[in-house]
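Asks: Just passing along the structure, written as structure tokens.
What follows is calculated from the coordinates using simple rules that are stated; it is not laboratory data. Only a predicted model underlies this, so the values are computations on that prediction, with no experimental measurement involved. Positions of Cβ are generated from backbone atoms using ideal geometry, with glycine treated the same way; all protein chains shown enter the neighbour counts.
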Amino acid sequence: MAQFEYKVLDKQGNSKSGKIEAVSEVAARSSLIKLGLKPILVKKAGKESFDVMSLLNKGGKVKTKDLVIFTRQLATMVDAGVPLVRSLATLQNQTENPSFKKQLVGVSKDVESGMALADSLEKYPGTFNPTYVNMIKAGEAGGILDEILDKLALQQEKDAAIKAKFKSAMTYPTVLISITVIVFIALMTFVVPKIGTIIADLSEGELPALTKAMLGISDIMINYWYIHISVVVFGGGFLLRYIKTPKGRANKDRVLLKIPAINLLITKMAVARFSRIFASLMSAGVSVIEAIEITAKAIGNTVFEKELMLAAKAVANGEQLSAPLMKSKIFPPIVSQMMAIGEETGETDTVLIKVAEFYEAEVDAAVDGLSSILEPILIVVMGGMVGVIAISVIGPISSLSKSI
């Protein structure tokens, strides 16, 4: 007899887990069914389950566009009365992304075997985040899966639009910074040394301080290039790994919220995400505390996450959510005021959708404003760097021409 771990649903639909002894996995499933339980997962105890779909999920990235299309199409098919298993089978054949297609094959098999859709999607956290899974779970429980899928698709489209807008606005400044760095390195390693040698040979007097400084920097860049590359490569790698740790991520989020202009953009993006996700969860019938906790993790900023987790504790102690938000130093006052109105009228989700739409428009304006501010600043910086190098070279040449 071997021991098997299991996860089941009882007659009331509650999830339970435990261990059972049986000759085989099939025998274990049969025993659970005889007890009136619905097996979701049965595996041999003491061993990690080898989930091929999870490995495939790690191996490929599912784009937001693919997920939005899948969600929209699934909502349409479910609303039209097409059985869920058949809908999933149809969509997996239409999906072009190989990784996503293999995940959907696994989901389809799970649902066909009797597993709830949300439980199956939960196996692929890289594609379906906790917000997505919990909203699907609420949709299945309330029998409004098609409505929830529509809300999810809309939420993903809004998130994708904000990210695309930000990336588009930052493209030109990024290119300009790259060009500035390349030009500076080229001038300091090729142009300045040659001109500096000529000036040093011709000049009998002392070189200007600026020229000596630029020649010194050029000399360091040429003779110790391997140190600079090592610092950039290893320092950059360490920084990337550090900001992926909980402590590093928290420090990064705190620093970004202290940078002028950037902090306003991050705040508006976080408030827009909070309002839309929380409204969607509330309309799906998720409890207030659970909705706050899920939203906190979905915002993507540890400072806002910490603030919302404190708010969840206050709500658990009997307060309205608007009360802790009113005391918050990072949430704008309009959020708590609108939340209070929603709580009074019983239309929190409707009110927060209005807040989300307002801040999404604010994000668009802030991104455009940030881009328009950065562009001239970077141009000035680039011109200043080239100007300093030019002055350091032209100064001694001018002195030589006067002496001649």
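Asks: Direction-averaged shadow area of the convex hull around the Cα atoms of the range 242-342, nm²?
Replies: Details: hull surface 25.6 nm².
With every direction weighted equally, the projected area is 6.4 nm².
Asks: With N set to the number of residues, divide the alpha-carbon radius of gyration of the range 201-265 by 2.2 N^0.38 Å and report two decimals.
Replies: Working: Rg = 20.0 Å, N = 65, 2.2 N^0.38 = 10.7 Å.
Taking N as the residue count of the range 201-265, the ratio is 1.86.
Asks: For a protection proxy built on the mean count of beta-carbon atoms within 10 angstrom, sort 293-302, 222-231, 358-367, 131-140 highest first, please. Mind showing how you got there, number by number?
Replies: Values: 293-302: 20.2, 222-231: 10.7, 358-367: 18.6, 131-140: 22.4.
Highest-to-lowest ranking by the protection proxy: 131-140, 293-302, 358-367, 222-231.
Asks: Now for a different question. Students often get this wrong: which residues of the range 375-399 have the backbone nitrogen under 11 Å from the point 7 angstrom along Cα-to-C-beta of ALA209?
Replies: What the label zone holds, given the 11 Å backbone N cut-off, is no residue at all.
Asks: Using the alpha-carbon atoms, what tilt in degrees (0 to 90, nearest 10) does helix 98-112 show relative to the longest principal axis of the chain?
Replies: 20 degrees
Asks: Assuming a viscosity of 1.002 mPa s and a temperature of 20 °C, what translational diffusion coefficient in µm² per second does Stokes-Einstein assign to the range 54-128, Rh being the Kirkwood radius over Cα pairs? Walk me through the intermediate numbers first.
Replies: Details: Rh = 12.3 Å.
Rounded, D is 174 µm²/s.
Asks: Taking only Cα atoms, what is the 0 to 90° angle, nearest 10, from helix 145-186's long axis to the longest principal axis of the chain?
Replies: Roughly 20 degrees between the two axes.
Asks: Right, something else. Rg(Cα) of the chain divided by 2.2 N^0.38 Å? Before the final figure, lay out the partial values.
Replies: Working: Rg = 29.5 Å, N = 404, 2.2 N^0.38 = 21.5 Å.
Compactness ratio reported: 1.37.
Asks: Among ILE262, THR197, GLY106, which residue has its Cα furthest toward the positive end of the charge dipole of the chain, with +1 on Lys/Arg Cβ and -1 on Asp/Glu Cβ?
Replies: Going by the charge dipole, the pick is GLY106.
Asks: Taking just the alpha-carbon atoms of the range 152-288, what radius of gyration and Dmax come out, in angstrom?
Replies: Computed over the Cα atoms of the range 152-288, radius of gyration and Dmax are 24.3, 84 Å.
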